[in-house]
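First the structure, which I've put down as structure tokens, then a few questions once you've had a look.
The values are calculated or read from the model by the stated rules, or taken from the named source; none is laboratory data. Just so it is clear, the structure is predicted and the values come from calculations on it, not from any experiment. As a convention, Cβ positions derive from the backbone with ideal geometry for all residues, glycine included, and neighbour counts pool all protein chains shown.
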Amino acid sequence: MDPHSLDTATHLVRAGRPHGPGAGLNPPVDLNSTYVAGTDRDYARGGNHTWDAFEAALGPLEGGQALAFASGMGAISAVLALVPVGGTVVAPTHAYSGTGAALTEAEREGRLRVRRVAIDDTAAVQQALAGADLLWVESPTNPMLEVADLPALFSAARAAGAIGVCDNTFSTPLLQRPLADGADIVVHSATKYLAGHADVLMGATVTADPQVHQRLLTRRTLGGAVPGPMEVWLALRGMRTLHLRVERSCDNAAELARRLEGHPLVERLRYPGSGAILAIEPVGGEAAARRVEEAVQVFTCATSLGGVESLLERRRRHPLEPASVPESLLRLSVGIESVQDLIADLEQALTLAHATTD
Ligand SMILES: *Cc1c(COP(=O)(O)O)cnc(C)c1O
């Protein structure tokens, strides 16, 4: 059978496994800093056999070649380092807070110029791309859940001579494949859905352009943001069930969105129509949102997303979150629990928050 004809679910279960008589079903945790001379694999900062297995699983899902990094920010830093000093990056106003902060820092130090745009305003992005070196896209955005027109934005980036990048952490390659929509590079915080169990920090890049891949590999090897083999092994094990987790989380999120739309204790619901991240603004503003954080029992109040467990948090509790994000906005990362329990939990938390907020 041609391995490229396999369905995603089958690929996720099979990819990166050793083969041959006597081989373990799982790749070993390759705990080595160096290798016997004679091949390209000589020192483990340049490559590791456990990384190979993870990269073989992720790359084809996105339609390119993957590189494992120590964290999402490690991958993002390697991509931003492709921009020459003094170059211009066009980025969403509501980019992931770490990406936003890294751009602000680079701007303050005079290394990059940054043009921030509403990424769902295609005409504004097109205008901002004149003379730019790199377009950074997130869709849906964090935590406002704005949706970008990926094919239009990446064809405009190409026309402007800018590298097109998509942070695909929120969607995963199961819901959105940016390389097929014209992006040059996809980045992931594998910490989130790919690994999926809130037990690992990891990142990745994927590109179908061999030259860009080589440049990113050089950035990884020289920048040194390399993951430990145990983390990569855990991330790959998590990816074996990515399709099941994403499907269940998305079903749960869709059902929650149906129940929260027009709810008397919810002033505003944001749900982009797919994915498993929602945002709600409870009636009663910031005070009510703080009470919901304290009152939930099945949801956990914690930052991060993409795990089997449902999390929520008021995003403005983070000082880096832009002021355009409402004070009362609660971001929900919907997990794989029983949706009835999730609904009942939000109902009781919203009711309690409303009853105890002046
Ligand atoms: C978490 C996250 C990151 C950063 O990833 P780390 O693994 O925490 O370094 C980048 N982008 C998005 C969209 C994220 O959610």
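Among the listed residues R116, R177, identify the single one that is under 17 Å from V83 (Cα atoms) and either of a type outside the set (G, A, S) or within 16 Å of the ligand (Cβ to nearest atom) (or both).
R116
Continuing with the same structure: Tell me, yes or no, whether region 91-102 has at least one residue that is in contact with an Asp or Glu (Cβ under 7 Å, 6 or more places away or on another chain), farther than 25 Å from L12 by Cα and among the hydrophobic types (A, V, I, L, M, F, W, C).
Scanning region 91-102, I find at least one residue that is in contact with an Asp or Glu (Cβ under 7 Å, 6 or more places away or on another chain), farther than 25 Å from L12 by Cα and among the hydrophobic types (A, V, I, L, M, F, W, C), so the answer is yes.
Would you check if there is a residue in region 147-159 being touching a strand residue (DSSP E or B) at 6+ places or on another chain (Cβ under 8 Å) and in a loop (DSSP other than H, G, I, E, B)?
Yes.
For (1) within 16 Å of the ligand (Cβ to nearest atom); (2) at pLDDT 95 or above; (3) of a type in the set (F, W, Y); (4) buried (at least 19 other Cβ atoms within 10 Å of the Cβ), each residue gets a yes or a no:
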residue: V83; (1), (2), (3), (4): no, yes, no, yes
residue: P92; (1), (2), (3), (4): yes, yes, no, yes
residue: T99; (1), (2), (3), (4): yes, yes, no, yes
residue: G110; (1), (2), (3), (4): no, yes, no, no
residue: W136; (1), (2), (3), (4): yes, yes, yes, yes
residue: V147; (1), (2), (3), (4): yes, yes, no, no
residue: A152; (1), (2), (3), (4): no, yes, no, no
residue: A157; (1), (2), (3), (4): no, yes, no, yes
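In contact with a Gly (Cβ under 6 Å, 6 or more places away or on another chain), modelled with pLDDT of 95 or more and of a type in the set (D, E, K, R): is that true of R245 in this structure?
When the stated conditions are applied, R245 passes them.
One line per residue, one yes/no per condition, for (1) basic (K, R); (2) surrounded by 24 or more Cβ atoms within 10 Å (Cβ to Cβ); (3) closer than 13 Å to E62 by Cβ:
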| position | (1), (2), (3) |
| --- | --- |
| A190 | no, yes, yes |
| L194 | no, yes, yes |
| A198 | no, no, no |
| G203 | no, yes, no |
| D209 | no, no, yes |
| H213 | no, no, yes |
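Please list, ordered by first then second residue, the pairs with beta carbon atoms under 7 Å, 6 or more apart or interchain, first in region 324-338 and assigned to a loop (DSSP other than H, G, I, E, B), second among the polar types (S, T, N, Q) and surrounded by fewer than 20 Cβ atoms within 10 Å (Cβ to Cβ).
Here the result reads S324/T93, each pair linking region 324-338 to a residue that is among the polar types (S, T, N, Q) and surrounded by fewer than 20 Cβ atoms within 10 Å (Cβ to Cβ).
Somewhere in region 41-50, is a residue within 19 Å of S189 (Cα to Cα) and within 16 Å of the ligand (Cβ to nearest atom)? Please lay out each step first, then the result.
Here is the first cut: in region 41-50, the residues within 19 Å of S189 (Cα to Cα) are 50.
Narrowing the set further to residues that are within 16 Å of the ligand (Cβ to nearest atom) leaves none.
Taking every residue of region 41-50 in turn, none turns out to be within 19 Å of S189 (Cα to Cα) and within 16 Å of the ligand (Cβ to nearest atom).
Only one of (1) within 16 Å of the ligand (Cβ to nearest atom); (2) farther than 21 Å from S189 by Cα is not met by A123, so which one is it?
Against the list (1) within 16 Å of the ligand (Cβ to nearest atom); (2) farther than 21 Å from S189 by Cα, A123 comes up short only on (1).
Out of curiosity, is R290 among the charged types (D, E, K, R), closer than 19 Å to T99 by Cα and either more than 16 Å from the ligand (Cβ to nearest atom) or surrounded by fewer than 23 Cβ atoms within 10 Å (Cβ to Cβ) (or both)?
Details: among the charged types (D, E, K, R): yes; closer than 19 Å to T99 by Cα: no; either more than 16 Å from the ligand (Cβ to nearest atom) or surrounded by fewer than 23 Cβ atoms within 10 Å (Cβ to Cβ) (or both): yes.
It is false that R290 is among the charged types (D, E, K, R), closer than 19 Å to T99 by Cα and either more than 16 Å from the ligand (Cβ to nearest atom) or surrounded by fewer than 23 Cβ atoms within 10 Å (Cβ to Cβ) (or both).
Take the residues in region 159-178 that are more than 19 Å from H213 (Cα to Cα) and hydrophobic (A, V, I, L, M, F, W, C); name whichever of them is surrounded by the most Cβ atoms within 10 Å (Cβ to Cβ).
Once the filter is applied, the top-ranked residue is F170.
Could I ask something else about it? Give T205, T172 a once-over and let me know the one that is within 13 Å of the ligand (Cβ to nearest atom), of a type in the set (S, T, Y), closer than 24 Å to V13 by Cβ and touching a strand residue (DSSP E or B) at 6+ places or on another chain (Cβ under 6 Å). Even if it seems obvious, please write down each step before you answer.
Values: T172 fails: touching a strand residue (DSSP E or B) at 6+ places or on another chain (Cβ under 6 Å).
Checking each option against the conditions leaves just T205.
Here is a further query. Let me confirm something: among E321, E309, which residue is surrounded by fewer than 23 Cβ atoms within 10 Å (Cβ to Cβ), at pLDDT below 95 and among the charged types (D, E, K, R)?
Values: E309 fails: at pLDDT below 95.
Result: E321 is the single residue among E321, E309 that is surrounded by fewer than 23 Cβ atoms within 10 Å (Cβ to Cβ), at pLDDT below 95 and among the charged types (D, E, K, R).
Does E337 count as more than 20 Å from R245 (Cβ to Cβ) and either away from the ligand (no atom under 16 Å from the Cβ) or loosely packed, with under 14 Cβ neighbours inside 10 Å (or both)?
Working: more than 20 Å from R245 (Cβ to Cβ): no; either away from the ligand (no atom under 16 Å from the Cβ) or loosely packed, with under 14 Cβ neighbours inside 10 Å (or both): yes.
Considered against the rule, which asks whether it is more than 20 Å from R245 (Cβ to Cβ) and either away from the ligand (no atom under 16 Å from the Cβ) or loosely packed, with under 14 Cβ neighbours inside 10 Å (or both), E337 comes out as no.
Next question. Restricting to region 186-197, name every residue that is in contact with a Ser or Thr (Cβ under 8 Å, 6 or more places away or on another chain), within 9 Å of the ligand (Cβ to nearest atom) and not in a strand (DSSP E or B).
Of all residues in region 186-197, those in contact with a Ser or Thr (Cβ under 8 Å, 6 or more places away or on another chain) come to 186-189, 191-194, 196.
With the extra rule that they be within 9 Å of the ligand (Cβ to nearest atom), the set shrinks to 187-189, 191-192.
T191, K192 - these are the residues of region 186-197 that are in contact with a Ser or Thr (Cβ under 8 Å, 6 or more places away or on another chain), within 9 Å of the ligand (Cβ to nearest atom) and not in a strand (DSSP E or B).
Got at least one residue in region 130-140 being in contact with a helix residue (DSSP H, G or I) (Cβ under 9 Å, 6 or more places away or on another chain) and polar (S, T, N, Q)?
yes
Sticking with this one: Which of the residues spanning region 160-185 are of a type in the set (D, E, K, R) and assigned to a loop (DSSP other than H, G, I, E, B)? Talk me through it step by step, then tell me what you get.
First, the residues of region 160-185 that are of a type in the set (D, E, K, R): 167, 177, 181, 184.
Once the filter is applied, which keeps residues that are of a type in the set (D, E, K, R) and assigned to a loop (DSSP other than H, G, I, E, B), region 160-185 yields R177, D181, D184.
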